[in-house]
Structure formats: structure tokens, C-alpha cells
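See structure below.
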Amino acid sequence: MLRRLSRFFSRARTARSGKSSPQGEMPLLEHFEELRRRLIICLLAVGIATVVGFIFSEQLMQWLLRLVEETPGITVQAIEISEKFATSLRLSLIVGIALAMPVIVYQVWRFLSPGLLPRERIYLRLGLPLILLFFAGGVTFSYFLALPAALGFLLRFGSEQIVTQPQLEPFLSFVATLLLWSGISFEMPILLFFLAKVHVVDWRRLSKWRKYAFLAICIIAAVITPTPDPVNMMIIAAPLYLLYEIGILLARLA
């Protein structure tokens, strides 16, 4: 795998130099300069999207607070004086990363494309809309299925004599972070297809890694949904493992 990655980046350096001979490869320092330029563009996109997210942070906060409206007796409260403002900033940053995802994906493609063969570039270009679609699907799945189940377990757990009043900042950070990572996790099939297309992995190796992948997915699901309830964990783990199997199928097609 490391040897294939080395050949891939060597091919990218040669393509960026505009020469085909090994002596014409782009120097490693210029290679990192190209990476730095792409990272700066991504950071600028995240910054601009964060400003947009801050403008609509109040509406977004109300949208996320709807998750507890159906739970009777639950009131989200702000304790610190600056908590609403600090929460809006943190929420805006998470929204900025999500909104800037098309730019981030495009910059990654621009950085990797010189090392790809013509057919590989076509497949990757066609896969860009699917990356955004799978990201949106992960966010939708988490908001309408995973989050209500996790919050229902956590908020109703324990004695009814104990009143649960979640604090605003931890609650919204938990919800927004879970939505973000769910969206990123749902992009796994496209990532596996791309890695198979550039010959970093193949479907036979991915098939042999099933038991390790299942263990890793369970750990990721436990981190994303920090509840001791195995049912809630499997709500996240089951679709992620299904996506891994879809990734194996796409890798075999690749």
C-alpha cells in the first residue's frame, strides 16, 4: 500500500512539473507549497461559511432545539452570561465546515488530480456530487433517526424525581458534532471506491478486513453516540457497516 501511494505522489509531482522524465519531477518543497495553497483556500472557505452560519445561527439553534421539544419536562438552559454567544460561535464553525465541504472536496481533487490517470480523473469527477449526497444523507439520517433515539435514552434515563435541564452549550455542541461526523462517516463508500481506483486497496483485501472493520465501526459508533445503550450504538453502527459492504462492492466494480 505504501509503495502504491509513493508511486501515486511521484506521478503527481511529475505531472505538475509539466515533464514526463523522472528528472522533471516537481521538487518536494514545491509539492508542499501546492498543498499549502490548497489548505489556505479551504480555510478561507471555512471562514466565509462560518460567517454565513453565524448570521443564521439563531434559526439553526432553534432547529436543533426542536429535538427536545417532544420530550416533556425538558428545558435547555444557558447558565453563563456569554454562553449563548459562545455557543453561536462554536455552532457557526461546525456549520462553516459543513457548508465548505464542496470547496474542501474540490481542493482535494485538484491536489490529487495530477497524479491520476485520465480515466481515474473522470471517475473522481463523477464521484464529487456523490460525496456531497452521501454527506447530506448522513446528516439527515442522524437528525431524524440516530439523534432522537440517543437523546430519548439519555434524557429519560434514571429516576423521574430528577429533573433534567440540559445546558445550552454542551447540548448543541453534542448535537452539531454528531451531525457533522455522521455526514463524514457516510462518505466511506466513495472513499473506498477512490482508493480502489488508484490501486491503494482492492476488494479482496477489504473483504479480509471485515472483522477489523466491524470492530472499528463499533468503536466509531460508540464515540459518535456516547450512550451506554447498545441499541443506540447499533443504530449508528449498522448503517456504517452496510456502507462498508457497499464500499467493497464499489471497489470490486472499480
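A short reminder: the numbers here are calculations on the coordinates, not readings from a lab. On a predicted model such as this, the values are computed, not experimentally measured, just so you know. Positions of Cβ are generated from backbone atoms using ideal geometry, with glycine treated the same way; all protein chains shown enter the neighbour counts.
Could you give the length gained on full extension between Val103 and Glu58, defined as 0.36 nm per residue of separation minus the Cα-Cα distance, in nm? Before the final figure, lay out the partial values.
Numbers: separation 45, 0.36 × 45 = 16.20 nm, distance 2.47 nm.
Gain on stretching Val103 to Glu58: 13.7 nm.
Fraction of C-alpha pairs exceeding 17 angstrom in the stretch 120-249: 62 percent, rounded to a whole number. Each part reduced to its alpha carbon centroid, the stretch 93-138 and the stretch 159-218 end up 18 Å apart.
Extension gain, Phe157 to Leu191, is 8.5 nm, computed as 0.36 nm per intervening residue step minus the present C-alpha separation. Checking the a/c ratio against 1.5 first, then a/b against b/c, what shape does the Cα gyration tensor give for the stretch 113-185? Verdict is prolate for the stretch 113-185.
Relative contact order of the stretch 34-167, taken over Cα pairs closer than 8 Å and 6 or more residues apart, is 41 percent.
Which shape class applies to the stretch 145-198: rounded if a/c is under 1.5, otherwise prolate when a/b exceeds b/c and oblate if not, where a ≥ b ≥ c are the square roots of the Cα gyration tensor eigenvalues? Because a/c hits 1.5 or more and a/b exceeds b/c, the stretch 145-198 counts as prolate.
Fully extending the segment from Ala216 to Ile41 would add 59.8 nm, taking 0.36 nm per residue of separation and subtracting the current Cα-Cα distance. Using the Cα gyration tensor of the stretch 173-214, with a ≥ b ≥ c the square roots of its eigenvalues, what is the shape: rounded (a/c below 1.5), prolate (a/b larger than b/c) or oblate (neither)? Because a/c hits 1.5 or more and a/b fails to exceed b/c, the stretch 173-214 counts as oblate. Sorting the segments 124-135, 173-184, 29-40 by their mean number of nearby beta carbons within 10 angstrom, highest to lowest, gives 173-184, 124-135, 29-40.
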